[in-house]
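Contents: one structure, followed by commentary.
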There are 2 protein chains.
Amino acid sequence: MEEIKEEQATGKLVTEIGRQAREASRKLMGFGPAQKNKILLSIADALDAQRKSIRSENLIDLEEGREKGLNEALIDRLDLNDKRLDAMIQGVRDIADLPDPVGRILKSWKKENGLEFRKTSVPIGVIGMIYESRPNVTADAGALCLKASNTIILRGGSEALRSNRAIADAMIEGGRASGLPDHALQLIPVRSREAVQKLITMDEYVDVIIPRGGEGLIRAVTENATVPVLKHYKGVCHVYVDGEADREKALSIIENAKCQRPGVCNAAETLLVDQSIATKWLPKAARLLESKGVELRGCDQSREIVPGMKQATEEDWSTEYLDLILSVKVVDGIDEAIQHINRYGSGHSDTAVTENREHQDVFGRMVDSAAVYINASTRFTDGAEFGMGAEIGISTGRLHARGPVALEELTTYKYVVTGQGQIKE
Amino acid sequence: MEEIKEEQATGKLVTEIGRQAREASRKLMGFGPAQKNKILLSIADALDAQRKSIRSENLIDLEEGREKGLNEALIDRLDLNDKRLDAMIQGVRDIADLPDPVGRILKSWKKENGLEFRKTSVPIGVIGMIYESRPNVTADAGALCLKASNTIILRGGSEALRSNRAIADAMIEGGRASGLPDHALQLIPVRSREAVQKLITMDEYVDVIIPRGGEGLIRAVTENATVPVLKHYKGVCHVYVDGEADREKALSIIENAKCQRPGVCNAAETLLVDQSIATKWLPKAARLLESKGVELRGCDQSREIVPGMKQATEEDWSTEYLDLILSVKVVDGIDEAIQHINRYGSGHSDTAVTENREHQDVFGRMVDSAAVYINASTRFTDGAEFGMGAEIGISTGRLHARGPVALEELTTYKYVVTGQGQIKE
């Protein structure tokens, strides 16, 4: 009985948050670039002014996390030290400096009947953001959404609730001083799971859900949501070394893609090597990677070339290790490489190292991933490296946005059609 | 027991259809414009050659439909007479003539580190199409999807199964003669509901679902789908007559928007009139509309101006009549009109009749609909009128596509990034 009451109360609370977010979104749609940037700078100032109270709330989260036995990786992500606070505040200022994504004329044309069409970028509306541990996402995502004239409903991890609340409070207070509408940025203030369930099914009030966190969280959100979801489950990224690869480039690219930061989604998980180059090149690559502490798991052919390599199982080909582990497969040319990537990959980021123009073209055309590279590391897939500024996430979905989800991807469009009294014949 | 077995068999069948559609999609991605157009023309020829067998299957559907007691409207939509067959075949030829939507460079840029970015339009992949009665959709949707290098899984209404099967068979046979990959176009050949349930939850094999039909069908699909859905529920479209409207334009636009074809989604359902013009203009409009057989349902103020008008209830403001009925409301200026539209509208198509430049601007900017018109009828919202050629549907969703869903909207994009060995610092 008690539980049902609580669930109903949570449902009511979240519905009200949604209703208010929609209302605020109608107001924010009318705001111009200057006003939005003024609000963002006020938000940055308020975060700066409130750093002490944000940190003290964060310290309580950290203490509670340790008591609850969170592992060190989670504790680290939760920790909002001075350097991270600096970066978070600077991030908001940087977003103010980016070009306004709203009101761009994407296309315009005139028909013979005199109707003038303008396809214009407009805000998506209300964004629901669901995320784990890192409290800085509260500020990053909030600032990005506001810059694109979207209102945002934030639902952070329960272990970071105090930190997130302190950040959101500072942002709301700072923004309000420069005219941010009430409820344009809201944090769901309860820890219950029902809140998430309600958020992801409020089609009437929420236009898109962006989940960030482990694959489990993202699957649960996607399976239960009726609101559209922008997401990636994982990044199983490939480096393909062609028969006509520059061997030095290939070595430095696989090293960078695997080792520079193995725990991120655009790191490589599988190395594919054309058989014509494998005997000569693969042993060098193996030595280099093993010297960096990488465990190699190979197919039969690669294990013949590099004895001592562990055997890769079928499961390895679709595994995101997020660790210093790499699966290795010798392939019979570029077509098999492309087939392997399209079959086992996650549609995130894949690269071919090759000097052969035709191979470059066919790889670029036929690999069905958000970012397809020729002679460059997969690690470049993020909003900043693409030149988009900050990003709110990466999408491996195929609709609306693929790859980095930055300001332009936080807009949609409408058609404004101007006539002089035209009616349909 | 029997039922469970049947369900499992259907699930297996549809899964296999999905797997094959994905495989075919990988092949189709490599096809150029010339080959696709050749396939489309072969399809049109095959439909023409098979018209007799298509019609004879259609006659059986019609007979069974009459026996089952389908109403006249449904029977009419099911009827594939000669004229409609001609239009269907010509539609496929017209699609061959449209520009290829795949492989367009949407944007390209170069970063200081030498990386070259090309944002390129690519097929979405596998489209699931769920539709009711009209068998011509089989050919229209099939041809549009193939033109954009997508494979398609069709699931038509069970009352049209024989007609759809005859059309799909002719298309597959005709297409194959020109190199259409097997399984690039498939029709689910069973009548059971489980087939739909499976189709809309096969995330692995299906990239987007496009449902066309009544609001009930579309809601059921949306609520149960895990695959993204492009759709519109309904069109509650508005004509707003401003205080500074050209009165003659206003009369012809409301007449056209309401009466020219009341049963379609871009027909007007609500007339909003500024109070400063209502006393003079509304009686004229009422006389005109009533002479065309339109039933008016008004707010208190409009009923004072036009006595005898029926009273509009709260429900009327969000009702899609699809009939010669119009709700009428007097508003206090453009801001109230915009608020009313954003609150009760369906985000489809809305128009303002006004000569005032500032009012035109604010209406274009603040009305949150897929198509916002100034001084033109709402009836123009469709792919052909927009100059996009044929459309597969209209979207009132906010992600990926808004308004007419035509060839460009049946593509997505990827980034092809070319370097010379760049690694991430």
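The values are calculated or read from the model by the stated rules, or taken from the named source; none is laboratory data. Given the structure is predicted, the values throughout are model-derived calculations rather than measurements. Backbone-built Cβ (ideal geometry, glycine too); neighbour counts: all protein chains shown.
Regarding region A:149-167, can at least one residue be identified that is over 18 Å from residue A:13 (Cα atoms) and within 14 Å of chain B (Cβ to nearest Cβ)?
Yes, region A:149-167 has at least one match.
Taking region A:380-392 on its own, how many of its residues are among the small types (Gly, Ala, Ser), touching a strand residue (DSSP E or B) at 6+ places or on another chain (Cβ under 9 Å) and more than 7 Å from chain B (Cβ to nearest Cβ)?
Of the residues in region A:380-392, 2 are among the small types (Gly, Ala, Ser), touching a strand residue (DSSP E or B) at 6+ places or on another chain (Cβ under 9 Å) and more than 7 Å from chain B (Cβ to nearest Cβ).
Looking at region B:201-220, which of its residues are under 12 Å from the mean Cα position of the chain (by Cα) and at the interface with chain A (Cβ under 9 Å from one of its Cβ atoms)?
none
Hey, could you check region B:243-252 for residues that are more than 8 Å from chain A (Cβ to nearest Cβ) and not charged (D, E, K, R) and say which is farthest from residue A:422 (Cα to Cα)?
B:243
Quick check on residue B:107: is it free of Cβ contacts under 8 Å to residues at least 12 places away in the same chain and not in a loop (DSSP other than H, G, I, E, B)?
Answer is no for this residue.
Just to check your reading of the model, which residue among B:255, B:295, B:304, B:269 is within 14 Å of chain A (Cβ to nearest Cβ) and acidic (Asp, Glu)?
Numbers: B:295 fails: within 14 Å of chain A (Cβ to nearest Cβ); B:304 fails: within 14 Å of chain A (Cβ to nearest Cβ); B:269 fails: within 14 Å of chain A (Cβ to nearest Cβ).
Residue meeting the stated conditions: B:255.
Name the one entry in A:117, A:31 that is within 28 Å of residue A:205 (Cα to Cα) and in the same structural domain as residue A:154 (by TED's automatic domain parsing).
A:31
Quick grid of which residues meet (1) of a type outside the set (A, V, I, L, M); (2) touching a Pro at 6+ places or on another chain (Cβ under 9 Å):
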position	(1), (2)
A:321	yes, yes
A:355	yes, no
A:360	yes, no
A:374	no, no
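It is to be established whether one or more residues within region A:221-242 are within 14 Å of chain B (Cβ to nearest Cβ), of a type in the set (Asp, Glu) and surrounded by 17 or more Cβ atoms within 10 Å (Cβ to Cβ).
Looking through region A:221-242, at least one residue is within 14 Å of chain B (Cβ to nearest Cβ), of a type in the set (Asp, Glu) and surrounded by 17 or more Cβ atoms within 10 Å (Cβ to Cβ).
For region A:359-369, which positions are aliphatic (A, V, I, L, M) and either surrounded by fewer than 24 Cβ atoms within 10 Å (Cβ to Cβ) or within 8 Å of chain B (Cβ to nearest Cβ) (or both)?
Listed by number, the residues that qualify are A:362, A:366.
Which of the residues belonging to region B:113-140 are of a type in the set (A, V, I, L, M), over 23 Å from residue B:220 (Cβ atoms) and assigned to a loop (DSSP other than H, G, I, E, B)?
Answer for region B:113-140, where residues must be of a type in the set (A, V, I, L, M), over 23 Å from residue B:220 (Cβ atoms) and assigned to a loop (DSSP other than H, G, I, E, B): just B:115.
Within region A:89-123, how many residues are farther than 26 Å from residue A:419 by Cα and in contact with a strand residue (DSSP E or B) (Cβ under 7 Å, 6 or more places away or on another chain)?
Looking only at that region, the number is 1.
Among the residues in region B:194-202, are any small (Gly, Ala, Ser), assigned by TED's automatic domain parsing to the domain that holds residue B:13 and either touching a His at 6+ places or on another chain (Cβ under 8 Å) or buried (at least 23 other Cβ atoms within 10 Å of the Cβ) (or both)?
no
What about residue B:386, is it surrounded by 24 or more Cβ atoms within 10 Å (Cβ to Cβ), closer than 21 Å to residue B:212 by Cα and not aliphatic (A, V, I, L, M)?
no
Name the residue, out of A:212, A:165, A:191, A:155, that is touching a helix residue (DSSP H, G or I) at 6+ places or on another chain (Cβ under 9 Å) and surrounded by fewer than 18 Cβ atoms within 10 Å (Cβ to Cβ).
A:191
Within region A:94-105, identify whether any single residue is more than 30 Å from residue B:380 (Cβ to Cβ) and within 13 Å of chain B (Cβ to nearest Cβ), and answer yes or no.
Taking region A:94-105 as the starting set, the residues that turn out to be more than 30 Å from residue B:380 (Cβ to Cβ) are A:94-99.
Add one more test, that the residue is within 13 Å of chain B (Cβ to nearest Cβ), and what stays is none.
The answer is no, given that none of the residues of region A:94-105 is more than 30 Å from residue B:380 (Cβ to Cβ) and within 13 Å of chain B (Cβ to nearest Cβ).
Based on what the data block shows, is residue B:372 crowded, with 24+ Cβ neighbours inside 10 Å, more than 7 Å from chain A (Cβ to nearest Cβ), under 19 Å from residue B:273 (Cβ atoms) and of a type outside the set (Phe, Trp, Tyr)?
Working: crowded, with 24+ Cβ neighbours inside 10 Å: yes; more than 7 Å from chain A (Cβ to nearest Cβ): no; under 19 Å from residue B:273 (Cβ atoms): yes; of a type outside the set (Phe, Trp, Tyr): yes.
In short, no.
Tell me, which strands (runs of 3 or more DSSP E) lie completely within region B:339-405 with 3 or more residues that are closer than 23 Å to residue B:139 by Cβ and aromatic (Phe, Trp, Tyr)?
No strands (runs of 3 or more DSSP E) qualify here.
Just need a number here: residues in region B:141-161 that are of a type in the set (A, V, I, L, M, F, W, C), part of a helix (DSSP H, G or I) and under 16 Å from the mean Cα position of the chain (by Cα).
Matching residues across region B:141-161 total 4.
Could you look through region B:407-418, keep only residues that are more than 8 Å from every other protein chain (Cβ to nearest Cβ) and in contact with a helix residue (DSSP H, G or I) (Cβ under 8 Å, 6 or more places away or on another chain), and pick out the one that is nearest to residue A:353 (Cα to Cα)?
Among those that are more than 8 Å from every other protein chain (Cβ to nearest Cβ) and in contact with a helix residue (DSSP H, G or I) (Cβ under 8 Å, 6 or more places away or on another chain), it is B:410.
Name the residue, out of B:126, B:196, that is touching a residue at least 60 places away in the same chain (Cβ under 8 Å), under 30 Å from residue A:402 (Cα atoms) and within 14 Å of another protein chain (Cβ to nearest Cβ).
B:126
Residue by residue, here is whether (1) more than 10 Å from chain A (Cβ to nearest Cβ); (2) buried (at least 23 other Cβ atoms within 10 Å of the Cβ); (3) touching a Phe, Trp or Tyr at 6+ places or on another chain (Cβ under 6 Å); (4) among the hydrophobic types (A, V, I, L, M, F, W, C) holds:
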site: B:378; (1), (2), (3), (4): no, yes, no, no
site: B:394; (1), (2), (3), (4): yes, yes, no, yes
site: B:397; (1), (2), (3), (4): no, yes, no, no
site: B:405; (1), (2), (3), (4): yes, yes, no, yes
site: B:420; (1), (2), (3), (4): no, no, no, no
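If you take just the helices (runs of 4 or more DSSP H) that sit entirely in region A:1-96, which of them hold at least 3 residues that are of a type in the set (Gly, Ala, Ser)? I'd like the intermediate steps shown before the answer.
Working: elements: A:2-28, A:33-49, A:51-68, A:72-78.
Fully inside region A:1-96 and qualifying: A:2-28, A:33-49, A:51-68.
Filtering region B:404-425 down to residues that are under 30 Å from residue B:37 (Cα atoms) and of a type in the set (A, V, I, L, M, F, W, C), which residue is nearest to the chain's Cα centre (by Cα)?
B:405
Kindly provide the set of residues from region B:335-358 that are more than 18 Å from residue B:234 (Cβ to Cβ), surrounded by fewer than 24 Cβ atoms within 10 Å (Cβ to Cβ) and not basic (Lys, Arg), ordered by number.
B:335, B:336, B:339, B:355, B:356, B:358
Enumerate the strands (runs of 3 or more DSSP E) found wholly within region B:205-316, keeping only those where 1 or more residues are in contact (Cβ under 8 Å) with a residue 60 or more places away in the chain.
B:208-212, B:237-241, B:268-274
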